[in-house]
Each structure stands twice: as C-alpha cells, then as structure tokens.
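**Q** Okay, here's the structure, questions in a sec.
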Amino acid sequence: MFTRGLKRKCVGHEEDMEGALAGLKTVSSYSLQRQSLLDMSLVKLQLCHMLVEPNLCRSVLIANTVRQIQEEMTQDGTWRSVTPQEAGRAPLDRLVSTEILCRSAWEQEGARPAPGLGDGHVQGPVSDLCPVTSAQAPRHPQSGIWELDSPREDRGGFHKSLDQIFETLETKNPGCMEELFSDVDSPYYDLDTVLTGMVGGARPGPCEGLEGLAPATPGPSSSCKSDLGELDHVVEILVET
Amino acid sequence: RLAEAANAGPVGGVERDASVRGDSPSASTHTPPRARAPRLSPGALPRAPGSTPCDQRPGILAPRPPSAPGAAPRAPHPRSGRSLLGAPPRPPARAGSRARRRRRRSGRRARPPAAARRTPVAVAACGAAHGPAAGLASPRAPAPRPPPRARAHAPLLFCQLTAPPPRPAAPAADQGSWCLCQLNGAADLEVSEADIISTVEFNHTGELLATGDKGGRVVIFQREPESKNAPHSQGEYDVYSTFQSHEPEFDYLKSLEIEEKINKIKWLPQQNAAHSLLSTNDKTIKLWKITERDKRPEGYNLKDEEGKLKDLSTVTSLQVPVLKPMDLMVEVSPRRIFANGHTYHINSISVNSDCETYMSADDLRINLWHLAITDRSFNIVDIKPANMEDLTEVITASEFHPHHCNLFVYSSSKGSLRLCDMRAAALCDKHSKLFEEPEDPSNRSFFSEIISSVSDVKFSHSGRYMLTRDYLTVKVWDLNMEARPIETYQVHDYLRSKLCSLYENDCIFDKFECAWNGSDSVIMTGAYNNFFRMFDRNTKRDVTLEASRESSKPRAVLKPRRVCVGGKRRRDDISVDSLDFTKKILHTAWHPAENIIAIAATNNLYIFQDKVNSEMH
C-alpha cells in the first residue's frame, strides 16, 4: 500500500533513450514489464482469501488482463512452448516465491523486439524490480498448458488463444478453470490444492500458474488424447478432491 | 423464469427477535414481552467466532475524548448508568436491540404533557401487528417537538462536533460553501475493521440517514427539526436507532464465511408511521421496520406491571387499561428475510417505484422480489455463461428507474450499461438499450478494461439521465442516447500514469459510488486521501474537498484542495505521490432536497452542509 511520500516511478519512463541499445532496452523493458504484469496477475488470481469467497468481479478482471497479455504475447510470437525437458513439473508443494515478480528471463533469451510498441502501453510496473537472477533457467515458458496439446501441434506452435488454453484445461481437468469461478455446485476445497499446488521458483509461465490449479497433472507426454485416458484423469481429479 | 428460493429460511443466520430488550437496569418503563415469535430456521448455525456484539463496538456512536473545546466531561449513559465507552461488555445483543432516543444532558426540560405528544391512535395497532405488514394505517399528526434545551454545556455522549452557524462568508458561488455540520466516529488511528462504514443512505425525505458498517450493524440518524428559538440546534442528525442487521455466517458446504458487512441499504418510501429499510450483505436481504413507541398501556386486569399474571384472587374490580405516555422508544424489527436467492455476492438492491417489488443483483444474476414474499423470487437477468470459463463480464450495479416501474438498468465490468424493460420478456437478458462508449485508442493499456468497469450507476431524480462511476471518471448518460455519455468528468486523472502500482496494491479494484443532488445539477463522488469531488453540470466548475478532522473546523468553510501533477505547485497542493490510498471515500450520499451531504471516511461519518446555498439550483 502506498505510504505518504513514497514515490513510485514508472521504470520505463526513466530510461534514457540513446542509441540503438536504448531502443532494444525499451523493447525488452516493455517485455519485462509485461511479463511482470502477467506474473503479478497470476499471483493475484491464485492467492485468494481462504476464509471468504473471493471477489468474482476482481477475479474476472484479472483473468481478462491475463488474457489480453497472452493474446498480445501470442501476436508478438514471444509466447513459446516448452521443450519436453522442461516439462518436468516442479514439485507441487512449492509455494510461490516473490521472485516471480522480479524475473526478467526474457533478457537472457534475447527477447525478440515486440512490434508496435507504444509508449503508454504498459504503465509503470512495480518499481522495485529485483535485479535479474540469471541463475534462473531461462525457458519455462508456458509449460503446462502448451505441452498438454503438444502432441497435436508442433512443438514450436504457440499461437493459442486463451480460450483454447482454457478449453484444454477443461478437457484435462474439468474442474480446473471452474475452480476460479466456481458456483455453489463445485466445492471450494480445491483451493487447498490451489494454494499448495502453486508452482514457484523457476519461471512459471501463465499456464503453469493456471496449471497449479489442478493438483495432479500428468506429465506432458502422457497427455494422452484418448477418451479413456481423459476419463480416467477426470475421475482421478474428482476422487482426489 | 421462476427461481424458487428454498423455503428453509435463512441459511445459517438466526433471525433474532429484534424487539427483545437488552438489559437496562434503570429503565423505568416496561413493555410486556412481545408475543412475536422469532422465525428460527431449522438447523440454525451458531454465530461465527470473533464477531462482536453491536453494543460492544461504539463505532460511530463513540464519544470523542474530551479534548474538543467546550465539551464537558462525559456523562454516564442515562439508561445504564455507565459511560458508553467504558461500559463493561454486555451480553451479546440481540439483533435489533432497541436504542433509546438520544438524550440531552442535564438542564433538559421535562417532556411536555401528553396532550402535546402525538396522537395515541396508532399505538394499539403497533402492538398487535404480527401478521402481514399491515402497518399503522392512521396518519400521524405532526408532533410538536419539545422545545430545545440549552446545549452549551452538553457533554458529548455521542461523538458530535456541532458547528454553530457559520459566518455568511462570500464564497465562490459555484463552489458552494460547505462546512462541517457534524462528525461521528472515533478518532483513533487504530480502526477496528468492523467499524468501517460500508454504505450511507438518506431516506426519501432526508429526515433519516442510515449507515451500515462492516460489522453488520446499522445506525440510523434522525434530523432534529430546526428551531428558531435556539440557533444552535440547526437540524443536526442525532442517533435515532442502532441495531445489528446481519451476523457473520458460515457456509459449511463451501467451507467459507459469509461476511456480515452491509453492502447496501435502501429505504422504502414511507407509507405509514413506520419507516422501513432493506439492508443486505453478500447473500441475504432483510426488511427492517422502525417504529416509535411513546405510549404504553397501563392497568391490565390480568397482568401486573411486570407482565406477570396476577393472582386472580387479588382482582377485585375491573378496569380499562389506559395509555400513559412513556419515554420515546424506537423499536426495530426484522419483518422479512429474503435468503437463499443468490449464489454470488449481492452488490446492489433497488426498490421499485411501485413500492411493491424490489430487485437484488449479484455478480451474474438479478432477482426480482415482492416485498411481502420471501420464499420465492423471479430471476430477470442471468448472464452466467454455460461454461464458467467463458466468463468475461459481471454485473456491477443495478437500479430501477425512479418513475417507470418496468425499466431498470444494470452496469457491467466492461463499462457498459444495459437498460431493460420488464414488459418485453420475463427474462430480460436481451437489453432494450445498450449504453457503451467506444474505447479511446490513444489511452489503451492493459488496464483499460479494469478502469472502465462501472462501480456505481444512479438514475437522476428526473429519470432522464444516468450517472456512472468508473475508476477515473464520472459520466452522465442521456437515456435517449446510447452511443456515448453526454458529459464526462475526470475525477482523478493524475492516477492514469500510476495504474500499474494501483493494480499491484489492488486499489484499482476500489468501487467508488456517485451521487446526484436533489435538482440533478451537481454530481458528487469520492476519491483517495479522503478527498471527494463535486461537479456542477451547469457551470462546469468542479471542486475537491477533504473530509478530515484537521481540515474541518467547525466554523470554517471547507477549503478546496488541489492535487498537483508536476508543474506549478501552490502552497497547499498535495502531490500525487503523497496521496494516502488507504483513505478512500467510497460511499457518499446527498440529501434529496437540501445541500446536505453525508461522507463516509473509513470509520467516520461526516455531514457537511452548504448553508449559504441551501437551496439547490
């Protein structure tokens, strides 16, 4: 919360624009800001008060923001799928670390310049972005969701709208997105798994965050498309919860 | 579509018999216990731990420390013989514990004899009214009030900062000359969360002002009539009644708590001597009836003074009970409980102009209720998608048209307004009119949608216009033009560059309310740092005022404030970075006829009055 006199400045505005390097810096700083916004949004979505039902309006607005970012990232082509090696899910009991907000893994990857950046696109982010922790493994992109569909599309494919993501989510874990906007029919005790299942540490992409909603996700390669497998999985989820 | 609510009564909460009196050892009068049977739902759930009975929380009833000039030392409460603040904890209060009418201190004259009091006709009906809310049919003769008493040395039992009439300054006519009329609430820095005011509402005449807080308590203020004899009593709002409207509940099915916070209060138009209001928390709406009793029957044949049955052998003669005057008592009772109608959180209620129905809106649905029927409601709007994952828009506010009982409007989180006509279909999913302003491409950001979410919608008194509040602006819409608003006012545009930080600390989700004045010429809304803004639609001038103890001296006209955004900075300006975002004015209300406004600043209630321009233009 703001305290009196605490100044917050938009990181982007402060940068000196000089030379091509500066141009690149702007671009990557925009990506940085956008990514941090995405991470922040995911954290907000999942950290809800356990005691009282979360505010649906707020959740919807944040989810829409996530959707927007993902759409834009998809258009930029910066939305990449994970390689199989990265697919190993982090242990489900790891909690979210605040490093999420300080991440800037895109820099290491050499982010591609995003086209058509406007100045006011992303407002000043959290001003105290931690310095880049280069130790972070660079690519864990949007692991979970993407890999679920990877058998169907080529691994490099990343043009997915959020709807498809959610759809995929739904077929895999019928209760998953529902947990976010559940009504009286689906019990909320899944939130327990949400909180404990939050994947932290290395670079959870948005889907990974959403992935955290489902407690026991099978490995990517096992994301079989067979109906039987899906049914089993569904039953597994229901029984577990 | 007919949605039948379960007939099981309230989920969890216990409907308490509000007429049961709290203990008051020094009470001189006694009414026989009311025969009203409390409606207990089967399997009533115990109250969630941690909730505070309303009597233990002074809240806006708290007396101020005697540092205020002119305040005599706090006198003990007349009823209990103890100071309200220093009182030992009382046993848990029943809902609707009766509050005596506020008393003045020593030096008060005795009440005038019965002849001058109100006619007793209504009282008999009051005691017998158990059935449908037939109410008191007899019209009330206007009561001559007791003459005002000397107030100069009145100790402040309830926190009141009363202002003598201000000097007729010469203010800028279009900015008005607002000065503090009174301030209720504790001055402590540590604010108990239960005391945070969550809604403020004047009734249709402006005589009563109701506030609800996060602890589920409702406090009703009544305006003292102005008297020429004592210019000191200038129509200030005294506490009239206070009661616990909602209790926290626990939904065992979902393992979630249902907050007792009062989300909205709406007054019903007064149809008889009693006042009625609807108050709602996230799930349950309650209809409360507020009545006065100033006479009691004495001289029963079968019962003695305490209500115990007399020994028949002692009864030697028959007598006719007579009505004797008694100290005025304000009684509050829950008349209806509309429960189990909503799956999601109720965000608004609105009484229809037909005075028979009202609607309640949650995030995805709007229900139409009849005021007399609690076990069923009609669902008139349902925007829940078949797949919850397709959900991108929720209902944020709704209101009935003030004159056309078939029209209502609801706003959404995407910034659109939908006007619906109930004559068109039973389910009004299809709107009659859609009011939406196209997005300004130059201002586009990731936060565009969030800041376009409408937090409040209010029809003008004339019914011709609608007022909406989104995060940065207030807009006036003409019902006849759907393409865009006719007026847009920037409330705090300096926050536009701070949206990311405001998103981070969740302030961007704050829901501010807005209000019209009685003549629809000025609109008002709150902002941060305890600022509130008024926009004059005719002169196009606007003003920023502050609701704070420091800047509200009793005599002084409120000084306009300014937020500077770089550039030239004047002496009293506040810079954007120094704004206190924890001090937000979300709830404001404007008297329906006069220039009196009620501002809720966290746990404090400010009432400002513009004495110079007391008539609205």
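The values are calculated or read from the model by the stated rules, or taken from the named source; none is laboratory data. Just so we're clear, the structure is a prediction, and the values are computed from it rather than from any experiment. For neighbour counting, all protein chains shown are included, and Cβ atoms are generated from backbone atoms with ideal geometry for every residue, glycine included. Note: areas computed on protein heavy atoms with side chains; ligands, DNA, RNA excluded. Shrake-Rupley method; radii C 1.70, N 1.55, O 1.52, S 1.80 Å.
**Q** Exactly one condition in (1) touching a residue at least 24 places away in the same chain (Cβ under 8 Å); (2) closer than 25 Å to B:PRO485 by Cα; (3) within 14 Å of chain A (Cβ to nearest Cβ) is false for B:LEU417; which is it?
**A** Failed condition: (3).
**Q** Let me ask something additional. Please work out if B:LYS286 is in contact with a helix residue (DSSP H, G or I) (Cβ under 6 Å, 6 or more places away or on another chain), open to solvent by less than 60 Å² (accessible area, probe 1.4 Å) and either assigned by TED's automatic domain parsing to the domain that holds B:SER350 or closer than 30 Å to B:THR242 by Cα (or both).
**A** On the way: in contact with a helix residue (DSSP H, G or I) (Cβ under 6 Å, 6 or more places away or on another chain): no; open to solvent by less than 60 Å² (accessible area, probe 1.4 Å): yes; either assigned by TED's automatic domain parsing to the domain that holds B:SER350 or closer than 30 Å to B:THR242 by Cα (or both): yes.
So B:LYS286 fails the test.
**Q** In addition: Within the range B:448-465, work out how many residues are within 11 Å of another protein chain (Cβ to nearest Cβ) and within 21 Å of B:GLU513 (Cβ to Cβ).
**A** Initial filter on the range B:448-465 (within 11 Å of another protein chain (Cβ to nearest Cβ)): B:448-455.
Checking the rest, the ones that are also within 21 Å of B:GLU513 (Cβ to Cβ) come to B:449-455.
Matching residues across the range B:448-465 total 7.
**Q** Something else now. Quickly run through the range A:49-71 and pick out the residues that are more than 7 Å from every other protein chain (Cβ to nearest Cβ) and at pLDDT below 80.
**A** A:HIS49, A:MET50
**Q** Of (1) open to solvent by 40 Å² or more (accessible area, probe 1.4 Å); (2) closer than 25 Å to B:VAL219 by Cα, B:ARG293 satisfies all except one. Which?
**A** Unmet condition: (1).
**Q** Taking only the range B:490-509 into account, find how many residues are crowded, with 18+ Cβ neighbours inside 10 Å and away from chain A (no Cβ under 13 Å).
**A** Within the range B:490-509, residues that are crowded, with 18+ Cβ neighbours inside 10 Å and away from chain A (no Cβ under 13 Å) number 2.
**Q** For the range A:35-72, what are the residues that are over 15 Å from B:ILE508 (Cβ atoms) and in contact with a His (Cβ under 8 Å, 6 or more places away or on another chain)?
**A** Once the filter is applied, which keeps residues that are over 15 Å from B:ILE508 (Cβ atoms) and in contact with a His (Cβ under 8 Å, 6 or more places away or on another chain), the range A:35-72 yields A:GLU53, A:LEU56.
**Q** Could you please tell me which pairs satisfy a Cβ distance under 6 Å, a separation of 6+ or placement on different chains, a first residue in the range B:178-197 that is farther than 16 Å from B:ILE262 by Cα, and a second residue that is outside any loop (DSSP other than H, G, I, E, B) and open to solvent by 40 Å² or more (accessible area, probe 1.4 Å)?
**A** B:CYS179/B:VAL557
**Q** Tell me which residues, restricted to the range B:318-377, are over 20 Å from B:LYS283 (Cβ atoms) and either in contact with a helix residue (DSSP H, G or I) (Cβ under 6 Å, 6 or more places away or on another chain) or of a type in the set (Phe, Trp, Tyr) (or both).
**A** Within the range B:318-377, B:PRO325 is the sole residue that qualifies.
**Q** Separate question: Can you pull out the residues in the range B:344-356 that are away from chain A (no Cβ under 14 Å), open to solvent by 10 Å² or more (accessible area, probe 1.4 Å) and polar (S, T, N, Q)? Step through it out loud before you land on a result.
**A** From the range B:344-356, those away from chain A (no Cβ under 14 Å) are B:349-356; that's our starting set.
Within this subset, residues satisfying the condition of being open to solvent by 10 Å² or more (accessible area, probe 1.4 Å) are B:351, B:353-356.
The one that is away from chain A (no Cβ under 14 Å), open to solvent by 10 Å² or more (accessible area, probe 1.4 Å) and polar (S, T, N, Q): B:SER353.
**Q** Which residue out of B:PRO155, B:PRO164 is modelled with pLDDT under 65 and open to solvent by 30 Å² or more (accessible area, probe 1.4 Å)?
**A** Values: B:PRO155 fails: open to solvent by 30 Å² or more (accessible area, probe 1.4 Å).
After applying the criteria, what remains is B:PRO164.
**Q** Let me ask something else about it. Of the residues that make up the range B:567-579, is at least one closer than 16 Å to B:MET534 by Cα and not small (Gly, Ala, Ser)?
**A** First, the residues of the range B:567-579 that are closer than 16 Å to B:MET534 by Cα: none.
Looking for residues that are closer than 16 Å to B:MET534 by Cα and not small (Gly, Ala, Ser), one finds none in the range B:567-579, hence no.
**Q** Sticking with this one: What's the number of the only condition in (1) more than 23 Å from B:ASP478 (Cα to Cα); (2) aliphatic (A, V, I, L, M); (3) modelled with pLDDT of 95 or more that B:VAL457 fails to meet?
**A** So B:VAL457 meets the others, but not (1).
**Q** Here's another thing I want to ask about it. So which of B:TYR300, B:TYR252, B:TYR237 is on the phi < 0 side of the Ramachandran plot, of a type in the set (Phe, Trp, Tyr) and touching a Pro at 6+ places or on another chain (Cβ under 9 Å)?
**A** On the way: B:TYR252 fails: touching a Pro at 6+ places or on another chain (Cβ under 9 Å); B:TYR237 fails: touching a Pro at 6+ places or on another chain (Cβ under 9 Å).
Result: B:TYR300 is the single residue among B:TYR300, B:TYR252, B:TYR237 that is on the phi < 0 side of the Ramachandran plot, of a type in the set (Phe, Trp, Tyr) and touching a Pro at 6+ places or on another chain (Cβ under 9 Å).
**Q** When you scan the range B:504-516, how many residues do you find that are part of a loop (DSSP other than H, G, I, E, B) and modelled with pLDDT under 95?
**A** Within the range B:504-516, the subset part of a loop (DSSP other than H, G, I, E, B) is B:505-506, B:510-513.
Those left that are additionally modelled with pLDDT under 95: B:505-506.
The total comes to 2.
**Q** Still on this structure: Specify which of the listed residues (B:SER255, B:SER245, B:SER241, B:SER279) is without any contact (Cβ under 8 Å) to a residue 60 or more places away in the chain and either within 26 Å of B:ALA372 (Cα to Cα) or more than 13 Å from the chain's Cα centre (by Cα) (or both). Explain how you work it out, then say what you get.
**A** Details: B:SER245 fails: without any contact (Cβ under 8 Å) to a residue 60 or more places away in the chain; B:SER241 fails: without any contact (Cβ under 8 Å) to a residue 60 or more places away in the chain; B:SER279 fails: without any contact (Cβ under 8 Å) to a residue 60 or more places away in the chain.
Matching residue, one of B:SER255, B:SER245, B:SER241, B:SER279: B:SER255.
**Q** Now, a different point. Show the residue pairs that are 6+ apart or on different chains and have beta-carbon atoms under 8 Å apart, the first residue being within the range B:588-600 and over 19 Å from B:SER548 (Cβ atoms) and in the same structural domain as B:SER460 (by TED's automatic domain parsing), the second being of a type in the set (A, V, I, L, M, F, W, C) and in a loop (DSSP other than H, G, I, E, B).
**A** What qualifies is B:ALA593/B:MET616; B:GLU594/B:MET616; B:ASN595/B:MET616.
**Q** Something else: How about the range B:467-483: which of its residues are more than 14 Å from every other protein chain (Cβ to nearest Cβ) and part of a loop (DSSP other than H, G, I, E, B)?
**A** Applying the first criterion (more than 14 Å from every other protein chain (Cβ to nearest Cβ)) to the range B:467-483 yields B:467-469, B:473-483.
Listed by number, the residues that qualify are B:LEU479, B:ASN480, B:MET481, B:GLU482, B:ALA483.
**Q** Mind checking which strands (runs of 3 or more DSSP E) fall wholly inside the range B:213-294 and carry at least 1 residues that are aliphatic (A, V, I, L, M) and within 14 Å of chain A (Cβ to nearest Cβ)?
**A** Working: elements: B:217-223, B:237-244, B:249-251, B:256-258, B:264-267, B:275-280.
Correct list: B:256-258.
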